[in-house]
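Structure first, commentary second.
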Amino acid sequence: MSRRIVHTESAPAAVGPYSQGIITGNLIFTAGQIPLNPATGQLIDGDFTDRVRRVLNNIEAILNESGTSLAHAVKLTVFLTDLGKFAELNTVFNDRFDGIDPPARSAVQVSALPLGTDVEIECIAEVVV
């Protein structure tokens with residue numbers, strides 16, 4: 001099975017030796033995304049829900065580059081430094097996936113995330129040909 005690297009300027013550049021996304025077969029696997037502004041490479045200002053929206057926008061940009069979208073996401077894994085933010089996470093997800101079937105999802109609490117942020121999300125989605 002072959003694999004193809006996905007890269008877009010519409011999502012933050014990788015901050016290490018990894019790819020924004022990899023397509024293999026009919027699936028794309030994204031790297032974990034944090035709330036970085038793609039233009040500046042800096043964490044965004046704003047509250048937790050703003051950060052979650054930014055992360056989902058970054059994922060959407062990678063998926064769009066590969067010819068798919070969050071509507072075709074099959075699994076999201078969410079890493080939080082505080083599971084007390086779970087209700088706020090659900091609020092953003094309810095808005096983002098309104099009118100479409102949401103993907104499977106896991107949310108786990110971790111002790112720390114890159115650059116000191118409080119949320120990171122990775123995605124597996126179908127690539128629609």
| said: Ranking request for peptides 96-107, 50-61, 80-91: highest mean number of other beta-carbon atoms within 10 Å first, then the rest in descending order. | reply: 50-61, 80-91, 96-107
| said: Going by Cα centres, region 1-26 and region 35-58 are how many Å apart? | reply: 19 Å
| request: Quick one: give the max-minus-min coordinate of the C-alpha atoms of region 36-77 along each principal axis, largest first, in Å. | output: 29, 20, 13
| note | Any residue on another chain or 5+ positions along whose placed amide H is under 5 Å from the amide H of Arg105 is listed here as Leu76
| request: Could you point to the residue in Ser66, Ile124, Ser2 farthest towards the positive end of the chain's charge dipole, with +1 and -1 charges on the Cβ of Lys/Arg and Asp/Glu respectively? | output: Ser2
| Percent of beta bridges antiparallel (DSSP, the chain, rounded to nearest 5) | 75 percent
| Placed amide H near Gln33: partners under 5 Å, 5+ positions off or other chain | Ile121, Glu122
| field | Using alpha-carbon coordinates, inclination of helix 48-65 to the longest axis of the chain, degrees | value | 0 degrees
| task | Give the Kirkwood hydrodynamic radius (Å, one decimal) of the chain, defined as one over the mean of 1/r across all pairs of different Cα atoms. | result | 14.7 Å
| said: I'd like the orientation of helix 86-96 relative to the chain: the angle between its Cα long axis and the longest Cα principal axis, in ° from 0 to 90, rounded to 10. | reply: 40 degrees
| message | Residue by residue through region 7-13, what is 3J(HN,Hα) from phi via Karplus (6.51 cos²θ - 1.76 cosθ + 1.60, θ = phi - 60°)? Round to whole Hz and write x for glycine and proline. | response | 9, 9, 6, 7, 10, x, 5
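Each value in this text was obtained by applying a stated rule to the coordinates, not by laboratory testing. All of these numbers come straight from a predicted model, not from anything done at the bench. For neighbour counting, all protein chains shown are included, and Cβ atoms are generated from backbone atoms with ideal geometry for every residue, glycine included.
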